[in-house]
Amino acid sequence: DKPMTDAVLFRVDVPPTYRPHDAASLGPYLAKVPDVTNRLGGSPEDWSIEEVGDGNLNLVFIVRGPAGGLVVKQALPYVRLVGESWPLPLERAFFEHEALIEHARHAPGLGPAVYHYDGALFLIVMEFLEPHIVMRRGMIEGVRYPGFADSISRYLARTLFFTSDLALKAHEKKARAALFNRNVSLCNISEQLIFTEPYILHQNNWWTSPELDGDAAAIRADVALKVAVSNLKYKFLTETQALLHGDLHTGSVMVTAQDTRIIDPEFAFYGPMGFDVGAMLGNLLLNFFSQDGHARDGDDRADYKAWVLDTTEAVWLSFDKAFRTLWHDARTGDAYPAALFEIAEQAIHSDALHDGYMRALFRDALGFAGAKMIRRILGLAHNIDFEQIPDKSLRAVCERRALQFGRALVLGAGEFTDIAEVTRAARDLASGAERA
Ligand code: SR1
Ligand code: MG
């Protein structure tokens, strides 16, 4: 059976000028793009071009020349993971380019430099990040990234704050929201794959079977969970707090020990801030629960698991701190105007206000983190953190813990008072499971 989705309802216009590139056609094309020849050096015959896309949607080429390299990302008119049976509008490249530019203004140095956008070919030419690797791959190998928590929390705080009503005048924010909220097909993927399909029998779903058959059935039968996840979906559908990355997992982060870059914001739209924060927390927790599956003789991964949980805490705590600083120092938008709340003679200060704001954001982030965890175990698109565990029964054990923890987050999002309580619960679930 071919996977189906409501996304087929969206019209996919393929302009006559569009053609997907291959390694042979890309060189002559790039030779005509301003500045590219200078960056690569030499001429097209000297360039090596390799298609390396291992994501779910697009073509990605690495181009190397005598003077340097670059990356070319081109949208296909369908979902690469599935094939032409699932059409997907090319305009996602437009939204990715817009988001890269906008996020770079607010969080400079944390994304790839963008060199060129071709609106006819739906193609972006950008910086080749070398020697960076995809963070998810490094984490599977047990590699630590000391600068990551600081960088990702700065990215989250600055991109979310500066695209929100806290920083922008209402008319500016509404104009940006109107632009990005045309990215309906990519939002539709998240709406279906995260918030609906894992909770019903759906042909897109798959899981480690038969080991998790009972767990998947229990999730489908869990009315309280379905109510909670439906409330999260409602938030996702209706709240336009900030310009989100929209798919902020550890596969959207390129790292070295010293440097962190956030890539791939093609799912960008105006949505609830907690969705981006939760995506990152949830993916770190997924990696935590996968680690027992990567243990080797002489490396039980205990220390690495501790690092992953420390990092999960640090991401939230640094984000919280950075966001609070911006709240105090850079609140120039129409929301919570300082003129109302920071009048010294009335002794009214906005501390209580932003405490409440951060509590709501924390609760949202935990709920979305949980939903993101569940979808990666039961839905269409899984994470290699688990898929690369060769022993299937061990993989199922790890996935079951992640599933249970995802459920606990969705149902109990409002009950955790701080991030240490969350990581303690994760540690307890993993070690309790070991004792059982
Ligand atoms: C059909 S696309 C499946 C997933 O791949 C992307 O990375 C997003 O996470 C999306 O949900
Ligand atoms: Mg992606």
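The values are calculated or read from the model by the stated rules, or taken from the named source; none is laboratory data. Remember, predicted model here, so these are calculated numbers, not experimental data. Virtual Cβ from ideal backbone geometry, glycine too; neighbours counted across all protein chains shown. Each accessible area value is taken on the protein alone, full model and side chains, heavy atoms only, with ligands, DNA and RNA left out. Shrake-Rupley method; radii C 1.70, N 1.55, O 1.52, S 1.80 Å.
Quick notes
- Flag for H97 being open to solvent by 20 Å² or more (accessible area, probe 1.4 Å) and either in contact (Cβ under 8 Å) with a residue 24 or more places away in the chain or part of a loop (DSSP other than H, G, I, E, B) (or both): yes
- Output for segment 38-62, where each listed residue is farther than 10 Å from A23 by Cα, in contact (Cβ under 8 Å) with a residue 24 or more places away in the chain and either more than 16 Å from ligand 2 (Cβ to nearest atom) or open to solvent by 40 Å² or more (accessible area, probe 1.4 Å) (or both): N38, R39, L40, G41, G42, G55, N56
Listed here are the residues, each with its yes/no results for (1) within 16 Å of ligand 2 (Cβ to nearest atom); (2) at pLDDT 95 or above; (3) outside any helix (DSSP H, G or I); (4) among the acidic types (D, E).
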residue: S230; (1), (2), (3), (4): no, yes, no, no
residue: F236; (1), (2), (3), (4): no, yes, no, no
residue: L243; (1), (2), (3), (4): no, yes, yes, no
residue: D247; (1), (2), (3), (4): yes, yes, yes, yes
residue: E266; (1), (2), (3), (4): yes, yes, no, yes
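- Meets criteria (part of a helix (DSSP H, G or I), closer than 22 Å to A402 by Cβ, open to solvent by 50 Å² or more (accessible area, probe 1.4 Å) and not hydrophobic (A, V, I, L, M, F, W, C)) for R363: yes
- Whichever residue in segment 80-94 is over 15 Å from A120 (Cα atoms) and not in a loop (DSSP other than H, G, I, E, B) and, among such residues, is nearest to ligand 1 (Cβ to nearest atom): W86
- Condition check for L156: surrounded by 14 or more Cβ atoms within 10 Å (Cβ to Cβ) and outside any loop (DSSP other than H, G, I, E, B): yes
- Cβ pairs under 6 Å, 6+ apart, first in segment 245-259 and within 13 Å of G147 (Cβ to Cβ) and touching a residue at least 40 places away in the same chain (Cβ under 8 Å), second within 10 Å of ligand 2 (Cβ to nearest atom) and part of a helix (DSSP H, G or I): none
- Residues of segment 200-251 that are closer than 26 Å to K392 by Cα and either within 15 Å of ligand 1 (Cβ to nearest atom) or under 17 Å from the mean Cα position of the chain (by Cα) (or both): H202, Q203, N204, N205, W206, H249, T250, G251.
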